[in-house]
1. Just add up the charged neighbours of Thr129: K/R +1, D/E -1, any other residue whose Cβ is under 15 Å from the Cβ of Thr129.
2. Sticking with the crude label model, points 7 Å out along Cα→Cβ, report the distance from Phe119 to Thr60 in nm, one decimal please.
3. Quick one: Debye curve from the C-alpha atoms of the chain, no solvent, what's log10 I(q)/I(0) at q = 0.11 Å⁻¹?
4. Mind checking the angle between helix 2-32 and the chain's longest principal axis? C-alpha axes, 0 to 90 degrees, to the nearest 10.
5. Can you tell me the 0 to 90 degree angle between the C-alpha axis of helix 66-81 and the longest principal axis of the chain, rounded to 10?
6. Give a residue-ordered list of calculated ³J(HN,Hα) values for region 90-96 (Karplus: 6.51 cos²θ - 1.76 cosθ + 1.60, θ = phi - 60°; whole Hz; x for Gly, Pro).
7. Can you give the three extents of the C-alpha atoms in region 28-86 along their principal axes, from longest to shortest, in whole Å?
8. On the protein heavy atoms, probe 1.4 angstrom, tell me the percent of accessible surface of the chain carried by carbon and sulfur.
Amino acid sequence: MRRRLFIGLLGCFALFLAPARADEAAAWQALREGGIVLFRHAIAPGVGDPPNFRLGDCATQRNLDAAGRSQAARIGAVFRREGVTVGEVISSRWCRATETAELAFPGRVTAAPAFDSFFQDRADEPEQTAAARRRLLAWNGPGALVVVSHQVNITALTGVVPASGEGVVLRREGTALREVGRIRP
């Protein structure tokens, strides 16, 4: 009886994991073909930014912790292991996003205000999301486009609420962006 229960539970667990693996395999293949990935910055404890937040002054911002820095470095290592050629790396100007991008893809990062967080000022969302969408739709390679941004931005663009360090892989289809899969942290 115990053995049947164990085998049954193991089977359920395998069925639960299979879609995630297929989803991730499709995501890596899309990136090898010049797709787009939107990463939420790596682990940065807390929510939002302190009241004294100043752009360009990391001491006033919520930043990556040691786990976040390790997670960011792993992102770059996995890209190399998966054989993905990176064409361009774009980041929000927030320190936690630029540090994530730099640790993953050193010396390749360009900051872009379209991917800055609008968590504190939701009035900026429509214009910023439209600018980000235009930038993504303009991507034509070669290689994959890597964007490091924030949960609110990625959710506005895709409807997905990513975990810290999670990537949402997209493929351009005409004037639309279609989710292909996710890269889990």
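The values are calculated or read from the model by the stated rules, or taken from the named source; none is laboratory data. All values reported here derive from a predicted model rather than from experimental measurement. For neighbour counting, all protein chains shown are included, and Cβ atoms are generated from backbone atoms with ideal geometry for every residue, glycine included. Just the protein is used for accessible areas: all its heavy atoms, side chains included, with ligands, DNA and RNA removed. Shrake-Rupley method; radii C 1.70, N 1.55, O 1.52, S 1.80 Å.
1. Overall, the nearby charge balance is -1.
2. 1.7
3. Results for the chain at q = 0.11 Å⁻¹ read -0.49.
4. Long axis of 2-32 versus the principal axis of the chain: about 40 degrees.
5. Once rounded, the angle reads 70 degrees.
6. With coefficients 6.51, -1.76 and 1.60, one gets 10, 9, 4, 7, 5, 4, 5 Hz.
7. Rounded to whole Å, the extents work out to 42, 21, 18 Å.
8. Result for the chain: 58 percent of the exposed heavy-atom area is carbon or sulfur.
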